[in-house]
Every structure is written in structure tokens, then in C-alpha cells.
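Trainee: The structure follows.
The values are calculated or read from the model by the stated rules, or taken from the named source; none is laboratory data. Since this is a predicted model, take the numbers as computed values, not measurements. No Cβ is skipped: glycine too gets one built from the backbone with ideal geometry, and neighbour counts run over all protein chains shown. The area values use the complete protein model at the heavy-atom level, side chains included, leaving out ligands, DNA and RNA. Shrake-Rupley method; radii C 1.70, N 1.55, O 1.52, S 1.80 Å.
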Amino acid sequence: MTDLQKQIENIKRISGANPEKCMRCGKCTAACPNYSEMEYHPHQFVYFIENGQLDRLLKSDSAFRCMTCFACVERCPRDVKPAKLIEAVRLTLIRRKDSNYLKPDEIPQKIDEDLPQQAIVSAFRKYTK
Amino acid sequence: MKYSYYPGCTLKTKAKDLDLYARKCAEALGAELEEVDEWQCCGGVYTTAQDEIATKLSSVRALTCARDRGQALVTVCSACHNVIKRVNNDMAESEYVRTRVNNYMQPENPYKGETKVIHYLEFLRDEVGFDNIKKAVVNPVKRRIAAYYGCLLLRPGSVMAMDNPENPKILENFITAIGGTPVVSPYRNECCGAYLTLTDSAAPEKRSGLIVDSCEKKGAEMIITACPLCLYNLKKNGGDKLPIVYFTEILAEALGIK
Ligand code: SF4
Ligand code: SF4
């Protein structure tokens with residue numbers, strides 16, 4: 001098994017999602033509130049993982065554009081759970097050494113006095129390890 | 001009736017009104033909210049990967065405390081509710097997660113998802129009853145109010161089980177109970193942009209702008225929410241078109257507490 005195949009297997013395992021159930025209807029992407037800001041859209045995450053093209057997803061920052069709103073999960077007619085696959089790709093990226101997407105030093109210039117703590121802890125949970 | 005209560009860190013700092021009026025209104029409605037002992041931050045967002053064990057521990061501590069007291073656990077922040085309820089579901093349903101969490105925490109009595117987790121809105125609907133709230137109102141709000149649910153209260157519907165995730169009614173029925181007129185926006189359960197506010201502010205600008213515009217066009221005079229991050233994104237990106245407040249504030253107004 002190549003490294004890429006191992007990573008794909010790991011993504012399927014930790015997400016608990018099965019991309020092979022997808023019938024390519026595109027409803028997940030149609031439901032996604034942020035698809036226009038993503039290089040690869042939710043249905044492409046599913047397709048690329050199924051077809052061994054994970055490297056494309058790992059080179060893109062699309063996984064960091066997902067807001068984990070779960071619209072794609074709720075509206076997928078095949079219960080594929082695209083957001084869980086996207087989260088597993090995001091984790092594959094940030095679990096690498098020195099690969100945090102958001103650095104603590106960047107925080108001070110991004111906050112204003114109304115920003116809730118919830119935003120900071122959520123961003124750290126999604127973007128750093 | 002006594003309940004365990006999980007406020008969460010944002011409610012102790014930037015969202016004090018969400019917490020303060022939740023407590024005052026519960027008291028006025030004859031319920032006692034007992035804060036969980038030594039609770040810790042839920043982490044703000046649930047991590048969906050099953051091998052994410054450490055990120056679930058703080059929720060399990062709160063859940064175990066409520067279980068040991070024999071109480072249901074009431075949450076009020078949408079984000080805390082989403083995290084805690086989903087972790088609770090994992091502890092009940094996923095042997096993988098349950099085993100690892102209990103092995104790590106070594107509680108006297110292993111936790112298996114026994115606690116009933118209810119959001120404050122469910123407490124109002126199912127424990128107090130909207131009819132009784134209607135009777136307790138001394139100051140009907142008499143405004144056209146748009147309910148903004150966001151994502152976290154409703155999804156995934158199979159776990160959150162609060163309401164129909166695509167066509168919810170709970171907040172609209174709440175608005176009616178306190179004497180207001182609900183205004184329904186098609187964006188009421190679409191994401192505000194969430195934590196992308198820190199990494200890519202274009203997303204919340206666009207999403208929250210759409211939500212507030214839509215509520216205004218439908219004739220709302222005010223928007224209510226249960227989530228501090230939704231409130232922040234909507235206020236920051238929606239201009240000053242409409243006042244945006246926590247649902248507990250407007251409840252307190254109706255009950256004559258505020
Ligand atoms: S909605 Fe589901 S079935 Fe349709 S393309 Fe997306 S993942 Fe595949
Ligand atoms: S969870 Fe992510 S990918 Fe799915 S609809 Fe929401 S933003 Fe899009």
C-alpha cells in the first residue's frame with residue numbers, strides 16, 4: 001500500500017463515512033454555503049477520496065473553507081456525510097508536523113472587543129493541533 | 001425542579017446577557033439551574049473524527065457530573081449544546097469512543113451516555129410548556145421577530161433531535177408564546193460564516209449579510225438567536241439594520257424581569 005492509499009484508508013476509518021455510496025447528484029455542493037470560496041467542492045472531496053486522488057485535496061486549502069455547518073450531511077440523499085470526509089482531510093493536514101493553519105501570533109491582530117471566545121476556541125480546534 | 005446547568009466560557013465573558021437572563025427566567029418559571037462543578041470549555045465545535053478522544057473529554061466531565069446528581073443537563077449556548085449532545089451520543093452509541101474515554105478518565109462509574117441533554121429552548125417547550133410561558137408573560141413583546149437558528153441547534157437532525165432540521169418551529173412558537181409575531185426567513189437555518197470570521201472574513205460577510213437582509217425584507221423588526229458567534233457575525237456584517245439579541249433577553253423582557 002502506498003502512503004497515499006494508507007492516508008485514504010485512514011480518512012475513511014476516522015470519518016466513518018463511505019464515499020462509495022455517493023451517486024454524484026451534487027446536492028451537497030448545492031447546499032454548501034461556502035462552495036464558491038472552495039477550489040474543490042464537497043462532492044469533489046467525496047469523489048477524489050473514492051478515486052485515489054487525495055493528493056489534490058491535500059494540496060488545496062479547500063478543507064479550511066468548510067464551516068462544518070453540516071448542511072451537506074443533512075441534505076445528502078445517500079447519507080454519505082461529506083463534512084466528515086472534509087474534516088478527516090483537514091485533520092490529515094494539521095496532524096502533520098508544523099502544519100497548523102492558524103498560528104497563535106496571528107490572533108491578536110484578528111480580534112476586536114466583541115469577538116466571542118467561542119470563535120477563537122472553535123478556530124483553534126479546526127485549524128491547529 | 002432542579003437541573004444541572006452548563007453555561008460555557010463565552011457566557012461568562014462576551015455573552016453575559018445570554019446567561020444572566022437564562023438563570024433569571026428559569027427562576028421566575030420555577031426551575032432551579034445548578035451549575036456543573038468545575039466545568040471546562042467544550043471546545044466550541046465538535047470534532048467529527050472518531051479517533052478524536054481528547055477533544056471530547058471536557059463534555060464527558062460535565063455529562064458525568066449531571067448523571068451523578070441524577071439531573072438532566074441544560075445548555076443555552078447553541079455551540080456548547082451541539083458539542084455536548086453529540087459527545088453524549090458518541091458515549092451512548094460508539095463503543096470505540098466510550099471505551100477509550102472511560103479508560104482515560106477512569107471514573108468510579110463508567111459513563112455510557114446516560115444524561116439527558118436539553119437546550120434551554122427545549123426546557124421552555126417540553127419542561128415548562130409554551131402555554132405556561134404565555135400565562136407568565138406580563139409584557140407581551142408585540143414585535144415582528146425573525147428567529148435565526150443557524151446550524152448548531154438543528155444539525156445533524158438525527159442526533160440533535162430538537163425539531164425538524166429543515167422546517168423548525170420551536171423558536172417561532174417561542175416568539176408567539178411571548179406575544180410577538182414570528183417572521184420566517186429562508187436563511188434562518190443557513191450558516192452565518194462561523195469561525196471563518198478569523199481566517200476568511202469574506203465568508204461571514206457574505207453569509208451574515210444575506211441573512212440580515214432577508215429578515216429585513218420579510219419585515220422583521222428584530223432578530224433573535226441562541227449563539228454568541230451568530231450574534232457577532234450578524235451584527236458585524238449585517239450593518240445596523242436590525243437589533244439582534246439573545247432569545248433569553250427578549251424572554252426576560254416579556255416576563256417583566258428586564
Ligand atoms: S449529496 Fe451525497 S450522494 Fe449527492 S453528490 Fe453529495 S455526497 Fe454524493
Ligand atoms: S459542512 Fe462544510 S462542506 Fe458541508 S455544507 Fe457546510 S460548509 Fe459546505
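Trainee: Normalized C-alpha radius of gyration of chain B, against 2.2 N^0.38 Å? Walk me through the intermediate numbers first.
Mentor: On the way: Rg = 18.1 Å, N = 258, 2.2 N^0.38 = 18.1 Å.
My calculation over the Cα atoms of chain B gives 1.00.
Trainee: Shifting gears a bit: Given the -39500 (n - 2.57) contribution per DSSP H run of 4+ residues, what per-residue ellipticity at 222 nm results for chain B, rounded to the nearest 500 deg cm²/dmol? Write down the numbers at each step before the final one.
Mentor: On the way: 10 runs with 106 residues, N = 258.
About -12500 deg cm²/dmol.
Trainee: Roll a 1.4 Å probe over the protein chains and send me the accessible area per residue for the protein assembly as shown in Å².
Mentor: 41 Å²
Trainee: If you place +1 on the Cβ of every Lys and Arg and -1 on the Cβ of every Asp and Glu, how big does the dipole about the Cα centre of region B:191-258 come out, in debye to the nearest 20?
Mentor: 100 debye
Trainee: Still on this model: Out of every Cα-Cα pair in the protein assembly as shown, what percent are more than 40 Å apart?
Mentor: The proportion of pairs with Cα distances above 40 Å equals 13 percent.
Trainee: What percentage of the solvent-accessible surface of chain A, computed with a 1.4 Å probe over protein heavy atoms, is contributed by carbon and sulfur atoms?
Mentor: Ligands and nucleic acids excluded, carbon and sulfur reach 47 percent.
Trainee: Right, something else. List, by residue number, every residue in region B:190-221 with a reduction of 30 Å² or greater in accessible area between the chain on its own and the complete protein assembly, 1.4 Å probe.
Mentor: By number: B:Glu190, B:Cys191, B:Tyr195, B:Leu196, B:Leu198, B:Thr199, B:Asp200, B:Lys206, B:Arg207.
Trainee: Let me ask something else. In a shell of Cβ-Cβ distance under 12 Å around A:Ala119, excluding A:Ala119 itself, what net charge do Lys and Arg (+1) and Asp and Glu (-1) give?
Mentor: +3
Trainee: Given a cut-off of 21 Å, name the pairs among A:Lys126/B:Lys112; A:Lys126/B:Lys56; B:Lys2/B:Lys258; B:Lys24/B:Lys218; B:Lys206/B:Lys241; A:Lys84/A:Lys126 whose C-alpha atoms lie farther apart than that in the structure shown. Don't skip to the end; give the middle numbers.
Mentor: On the way: A:Lys126/B:Lys112 26 Å; A:Lys126/B:Lys56 14 Å; B:Lys2/B:Lys258 23 Å; B:Lys24/B:Lys218 32 Å; B:Lys206/B:Lys241 15 Å; A:Lys84/A:Lys126 12 Å.
With Cα atoms farther than 21 Å apart: A:Lys126/B:Lys112; B:Lys2/B:Lys258; B:Lys24/B:Lys218.
Trainee: Give me the angle, in degrees from 0 to 90, between the Cα long axis of helix B:228-237 and the longest principal axis of the Cα atoms of chain B, rounded to the nearest 10.
Mentor: 40 degrees
Trainee: Give, as ranges by residue number, the residues of region B:30-51 whose backbone N falls under 11 Å from the point 7 Å along Cα→Cβ of B:Met1.
Mentor: Answer for region B:30-51: B:30-32.
Trainee: GNM, chain A, Cα, under 10 Å: largest mean-square fluctuation among A:Gln118, A:Gln44, A:Gln53?
Mentor: A:Gln118
Trainee: Step through the residues of region A:83-92 one at a time and calculate ³J(HN,Hα) from phi using the Karplus curve (6.51 cos²θ - 1.76 cosθ + 1.60, θ = phi - 60°), rounding each to whole Hz and writing x for Gly and Pro.
Mentor: The phi angles translate into 4, 6, 5, 5, 4, 5, 5, 4, 5, 4 Hz.
Trainee: Specify the residue with the greatest mean-square fluctuation among B:Ala146, B:Ala28, B:Ala79, computed from a Gaussian network of chain B linking alpha-carbon atoms under 10 Å apart.
Mentor: The residue that fluctuates most here is B:Ala28.
Trainee: Equivalent-ellipsoid semi-axes (√(5λ), Cα gyration tensor) for region B:2-120, whole Å, largest first?
Mentor: Semi-axes, largest first: 25, 15, 11 Å.
Trainee: Turning to a different aspect of this structure: In the Gaussian network model of chain B, springs joining C-alpha atoms below 10 Å, which of B:Gly238, B:Gly129, B:Gly180 carries the largest mean-square fluctuation?
Mentor: Judging by the Gaussian network model, the answer is B:Gly129.
Trainee: If you don't mind, another one. Considering just Cα atoms, how many Å³ per residue does the convex hull of region B:136-255 enclose?
Mentor: Once divided by residue count, the hull of region B:136-255 is 93 Å³.
Trainee: Using the alpha-carbon atoms, what tilt in degrees (0 to 90, nearest 10) does helix B:202-217 show relative to the longest principal axis of chain B?
Mentor: Helix B:202-217 sits roughly 50 degrees off the main axis of chain B.
Trainee: Right, next: Using only Cα atoms, what is the ratio of the radius of gyration of chain A to 2.2 N^0.38 Å?
Mentor: Taking the Cα Rg and dividing by 2.2 N^0.38 Å, one obtains 1.09.
Trainee: If R₀ is 30 angstrom, what is the calculated FRET efficiency for the pair A:Arg96 and B:Asp240, using the beta carbon separation as r and rounding to 0.05?
Mentor: The calculated FRET efficiency here is 0.10.
Trainee: Whole-Å semi-axes of region B:32-94's equivalent ellipsoid, largest first, each the root of 5 times a Cα gyration tensor eigenvalue?
Mentor: Ellipsoid half-lengths, sorted descending, are 19, 13, 10 Å.
Trainee: By how many degrees, 0 to 90 and rounded to 10, does the Cα axis of helix A:3-15 deviate from the longest principal axis of chain A?
Mentor: Once rounded, the angle reads 80 degrees.
Trainee: Zone of A:Asn10 (label point 7 Å along Cα→Cβ, backbone N under 19 Å): which residues in region A:75-93?
Mentor: Under 19 Å, as judged by backbone N against the label point of A:Asn10, lie A:84-93 of region A:75-93.
Trainee: Go ahead and estimate [θ] at 222 nm for chain A from helices alone: -39,500 (n - 2.57) per DSSP H run with n ≥ 4, summed, over the residue count, rounded to 500.
Mentor: The per-residue figure over chain A is -13500 deg cm²/dmol.
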